[in-house]
1. Can you spot a residue in the stretch 245-254 that is modelled with pLDDT of 95 or more, within 16 Å of the ligand (Cβ to nearest atom), open to solvent by less than 10 Å² (accessible area, probe 1.4 Å) and under 29 Å from Val56 (Cα atoms)?
2. Name the single residue, out of those in the stretch 160-209 being at positive phi and either open to solvent by 50 Å² or more (accessible area, probe 1.4 Å) or at pLDDT 95 or above (or both), that is nearest to the ligand (Cβ to nearest atom).
3. Does Gln80 satisfy the condition of being within 14 Å of the chain's Cα centre (by Cα) and open to solvent by 30 Å² or more (accessible area, probe 1.4 Å)?
4. Only one of Thr73, Thr45 is modelled with pLDDT of 95 or more, outside any helix (DSSP H, G or I), open to solvent by 10 Å² or more (accessible area, probe 1.4 Å) and among the β-branched types (Val, Ile, Thr). Can you tell me which?
5. Taking the stretch 232-245, which residues are part of a helix (DSSP H, G or I), touching a Leu at 6+ places or on another chain (Cβ under 8 Å) and of a type outside the set (Ser, Thr, Tyr)?
6. Would you pick out the residues in the stretch 176-201 that are over 19 Å from the mean Cα position of the chain (by Cα) and more than 30 Å from Ser217 (Cα to Cα)?
7. Restricting to the stretch 210-224, and then to whatever is part of a loop (DSSP other than H, G, I, E, B) and of a type in the set (Ser, Thr, Tyr), can you tell me which residue is least open to solvent (accessible area, probe 1.4 Å)?
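The values are calculated or read from the model by the stated rules, or taken from the named source; none is laboratory data. Being a predicted model, the structure only gives us computed values, none of them experimental. Every residue, glycine among them, receives a Cβ derived from its backbone with ideal geometry; neighbour counts consider all protein chains shown. For the accessible areas, the whole protein counts, side chains as well, though only heavy atoms, and no ligand, DNA or RNA atoms are used. Shrake-Rupley method; radii C 1.70, N 1.55, O 1.52, S 1.80 Å.
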Amino acid sequence: MSMRPYIVGNWKMNGTRSLLSEARSIDRASARYPGVSVALAPPATLIAALREAVSVIGVGGQDCHAEAKGAFTGDIAAAQLKDAGADFVIVGHSERRAAHGESDAMVKAKAEAALECGLMVILCVGETLADRDGGQAEGIVARQVDGSLPQGEAAAAGVPERLSIAYEPVWAIGTGRVAAVEDVVAMHAVLRDRLVAAYGDAGNDVAILYGGSVNASNAAALLGAEGVGGALVGGASLTAEAFLPIVAAAGGEPVD
Ligand code: 13P
């Protein structure tokens, strides 16, 4: 795969304007790693301001509605994210699947809506601890991705350049408990198979990221593993100090 490693920070429901200074520091330092594609997904309230504050990194939303507009109080359409300055959107994060009851079909519709309006998409999948302990992890994640992958014209035009998959085991998110590298490699191989089944050869070039307690100490091992195209980082993306070593782990020597 010729793509640059993709390191994305998901700020979740953290941050007010005072956190923009961290985004500026991340942006400045990321310019020194041209071999890495870096992006941040702040809360929706900060997308426009963050877009203004940075020049090198990508800016994204954390969710969008599947419909283009209408009576959906509190929701945000993909086109509105784009209008605010977003380049991409995360869909199907396990926190939304669990807390907002998002099904695979809903996630698929969101991904299609986002691609249709020109956003890139990071589609998240991952098993629970009960799934893994029950030996079901690969089957569950394969079914999730089969049900959530965007299809149709927008997908055909957007894959592989505008679609990434994030494998985030639910039990590894925010717990400090990171998946074993061999389990990550095995799951990424399952995801690759499903992508090729869905999209043919184009499925070989879709980036597959790992997410779940990625930090400065484990990033190099995870990012160096076979089939890992980058990382989706939660807690360690909130400060430049915690996030930049992960960017560095993906990108080798910085340029001056
Ligand atoms: P943590 O890095 O805090 O475990 O979060 C991972 C995540 O959910 C990113 O989307």
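1. First, pick out the residues of the stretch 245-254 that are modelled with pLDDT of 95 or more: 245-250.
From the residues that got through so far, the ones that are within 16 Å of the ligand (Cβ to nearest atom) too are 245-247, 249-250.
Still in the list and also open to solvent by less than 10 Å² (accessible area, probe 1.4 Å): 246-247.
After this cut, where a residue has to be under 29 Å from Val56 (Cα atoms) as well, the list is 246-247.
The answer is yes, given that some residue of the stretch 245-254 is modelled with pLDDT of 95 or more, within 16 Å of the ligand (Cβ to nearest atom), open to solvent by less than 10 Å² (accessible area, probe 1.4 Å) and under 29 Å from Val56 (Cα atoms).
2. Of the residues in the stretch 160-209, the ones at positive phi are 174, 176, 200.
Those left that are additionally either open to solvent by 50 Å² or more (accessible area, probe 1.4 Å) or at pLDDT 95 or above (or both): 174, 176.
Numbers: Gly174: 4, Gly176: 8 Å.
Restricting to residues being at positive phi and either open to solvent by 50 Å² or more (accessible area, probe 1.4 Å) or at pLDDT 95 or above (or both), the top hit is Gly174.
3. Details: within 14 Å of the chain's Cα centre (by Cα): no; open to solvent by 30 Å² or more (accessible area, probe 1.4 Å): yes.
No: the conditions fail for Gln80.
4. Values: Thr45 fails: outside any helix (DSSP H, G or I).
Within the list Thr73, Thr45, the selection yields Thr73.
5. So in the stretch 232-245, the residues part of a helix (DSSP H, G or I) come out as 235-237, 240-245.
Filter again for touching a Leu at 6+ places or on another chain (Cβ under 8 Å), leaving 237.
Within the stretch 232-245, no residue meets the criteria.
6. Answer for the stretch 176-201, where residues must be over 19 Å from the mean Cα position of the chain (by Cα) and more than 30 Å from Ser217 (Cα to Cα): Val196, Ala197, Ala198, Tyr199, Gly200, Asp201.
7. Pass one, the stretch 210-224, residues part of a loop (DSSP other than H, G, I, E, B): 212-218, 224.
Retained after the next criterion (residues that are of a type in the set (Ser, Thr, Tyr)): 213, 217.
Details: Ser213: 26, Ser217: 110 Å².
Looking at the filtered set, the residue picked out is Ser213.
Residues checked against (1) in contact with a Pro (Cβ under 9 Å, 6 or more places away or on another chain); (2) part of a loop (DSSP other than H, G, I, E, B); (3) modelled with pLDDT of 95 or more:
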{"position": "Arg97", "(1), (2), (3)": "no, no, yes"}
{"position": "Gly101", "(1), (2), (3)": "no, yes, yes"}
{"position": "Met106", "(1), (2), (3)": "no, no, yes"}
{"position": "Ala109", "(1), (2), (3)": "yes, no, yes"}
{"position": "Ala114", "(1), (2), (3)": "yes, no, yes"}
{"position": "Val121", "(1), (2), (3)": "yes, no, yes"}
{"position": "Glu127", "(1), (2), (3)": "yes, yes, yes"}
{"position": "Ala130", "(1), (2), (3)": "no, no, yes"}
